[in-house]
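The values are calculated or read from the model by the stated rules, or taken from the named source; none is laboratory data. What you see is a predicted model; the values in this text were computed from it and never measured. Because the Cβ atoms are built from the backbone with ideal geometry, glycine has one as well, and the counts that use them run over all protein chains shown. In case anyone asks, the SASA skips ligands and DNA or RNA and just uses the protein heavy atoms, side chains included. Shrake-Rupley method; radii C 1.70, N 1.55, O 1.52, S 1.80 Å.
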Amino acid sequence: MAPSILVVGYNARVMACPARRAGYKVYSLSHYDDLDLLRCVEKNFTFSGELPSDISPWLDHLDVDYVVLGSGFEGLDLPASLVLGNDPKVARNVINKVWLAEKLNKLGLPHPRIFRKKGDIAFPCVAKPIKGGGGVKNFLVKDESMLPDDDEYFLQEYVEGRPLSVSVLSTGSEAMPISVNEILVGKKWLGQCREFGYCGNVTPYETRFKQQMFDIARELVPALGLVGHNGIDFIVNKDGPMVLEVNPRFTGAVDSVELATGENLFKAHVDAINGKLHEYRIRRYGAKAILFARRHTVVRGSLLKPMIADVPKPGNVYENGEAICTIMGTGRTRGEAIGRLKERLGFVKKSLYTARAYKT
């Protein structure tokens, strides 16, 4: 009998659908009830507003073998034996960016400076939540008048460069990097108007620093005690890569990595937890992009098509800044993959009603 799992995440689809394809009996707890997610699970439970800090009501309702923790839930208070992935106590440290910076210092790995005292701050710098991903709450601080009052934030050196990530599999003692991924942020053609806001990935990204990034991943992930699939975010410029953060979970790049390799990363995740690492070959370019509403938007047609994910129901309504769906593309080159993605993006936009038409 196939093992049963409860996938928990703000967006559970990126984990749930690969798990279903890998043969698992899947339940999900998610902010969304997208149509493609519903096709992948036995049942989806939704939450709204704040992320639930206790999932015992759902666990009491279900009889599952394991829980898989996604974005926003990495450090949930659960026994490690129940989690198919990182020990939540370990993940709790890793998602704390101030703790991570101290660890990177001890390991001698490059990362932007953290400013601890008001008199030491070099402007411009970046204000970031101590915990949390996606870049949505990040903002550039140009002078003292813009400093955040909220203790939720810390200040990090602003380093110009290209945001990239490395997808990594780990047994706990050995790590195998799979790919370098381009991170799409602040793309207005996708409706993402926040400068640091995440809106997709392209895999692979060719850089002369690939081997250095892979070497950092091989050292860092086991040093943090991480297992299964994890992601490391970098900022890369002419001086080389610097570690921005580590995501101890399935990341948004899983979509583009699966497209580029043709492999099931949930199976790879479980194999790594069980001590098995495999080589993965990049076969093509894979691109994913998240479309955001820029104004009051209504879905007026069916978007349940191949290479469109996180598919909303007809009639769903979105306001400015809310994610509508994910569009994907593949190709022999980056341009070809993005071109096919944009063709599908055109179809999606024709299926939306807004006060004014989108511009690509």
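Here are a few things to note about the model shown:
- Volume per residue for segment 30-158 equals 152 cubic angstrom (convex hull of Cα atoms).
- Inter-label distance for Ser302 and Asp215, nm, one decimal - labels placed 7 Å from Cα along Cα-to-Cβ: 5.3
- Pairs of Cα atoms nearer than 8 Å and 6+ residues apart set the relative contact order; for the chain it is 15 percent.
- Most to least accessible of Arg294, Arg21 (protein chains only, probe 1.4 Å): Arg21, Arg294
- Of the trypsin sites (Lys or Arg not before Pro) in segment 142-250, those whose Cβ has at most 10 other Cβ within 10 Å and which sit in DSSP loop: Arg208, Lys238
- Within straight-line reach of Lys276, meaning a Cα separation under 16 Å, sit the following lysines at least 8 residues removed in sequence or on another chain: Lys267.
- Rounded percent of accessible protein surface that carbon and sulfur make up, segment 1-132, 1.4 Å probe: 47
- Label-point separation, Met1 to Asn237 (7 Å along Cα→Cβ), nm: 5.7
- In this structure Leu304 has an accessible area near 60 Å², from a 1.4 Å probe over the protein heavy atoms.
- Relative contact order [Cα under 8 Å, 6+ residues apart], segment 216-360, whole percent: 19
- Computed from the C-beta positions of Lys142 and Asp120, the FRET efficiency with R₀ = 22 Å rounds to 0.85.
- In terms of accessible area, using a 1.4 Å probe and ignoring ligands and nucleic acids, Lys288, Lys350, Lys103, Lys137 rank largest first as Lys350, Lys137, Lys103, Lys288.
- Under 5 Å, built H, 5+ apart or other chain: amide partners of Ser179: Ser167
- Gain on full stretching of the segment that runs from Lys89 to Glu160 - 0.36 nm per residue minus C-alpha separation: 22.3 nm
- Cα-Cα separations in the chain greater than 40 Å, expressed as whole percent: 9
- Measure of compaction for segment 3-76 (Cα Rg per 2.2 N^0.38 Å): 0.97
- Entries in Lys128/Lys342; Lys137/Lys342; Lys188/Lys350 that, when Cα-Cα distance is taken, lie over 24 Å: Lys128/Lys342; Lys137/Lys342
- The residues Phe347, Phe196, Phe45, sorted by heavy-atom accessible surface at 1.4 Å with ligands and nucleic acids left out, run Phe347, Phe196, Phe45 from largest to smallest.
- Once the Cα gyration tensor of segment 230-360 is diagonalised, semi-axes √(5λ) in Å: 31, 17, 16
- Exposure rule at most 15 other beta-carbon atoms within 10 Å, DSSP loop GluC sites (Glu not before Pro): the chain longest free segment: 51-151
- Solvent-accessible area per residue for the chain (1.4 angstrom probe, square angstrom): 46
- Most simply put, segment 1-154 has about 25% antiparallel DSSP beta bridges, counting only bridges with both residues inside it.
- Segment 211-291, accessible surface, carbon-and-sulfur percent (1.4 angstrom probe): 44
- Note on the chain: helix-only mean residue ellipticity at 222 nm, from DSSP H runs of 4+ residues weighted -39500 (n - 2.57) and normalised by residue number, equals -7000 deg cm²/dmol.
- Inter-label distance, nm, simple model (7 Å from Cα along the C-beta direction), Trp189/Thr46: 3.1
- Candidates Gly346, Gly231, Gly108, ranked by Gaussian network fluctuation over the chain, Cα under 10 Å, top entry: Gly108
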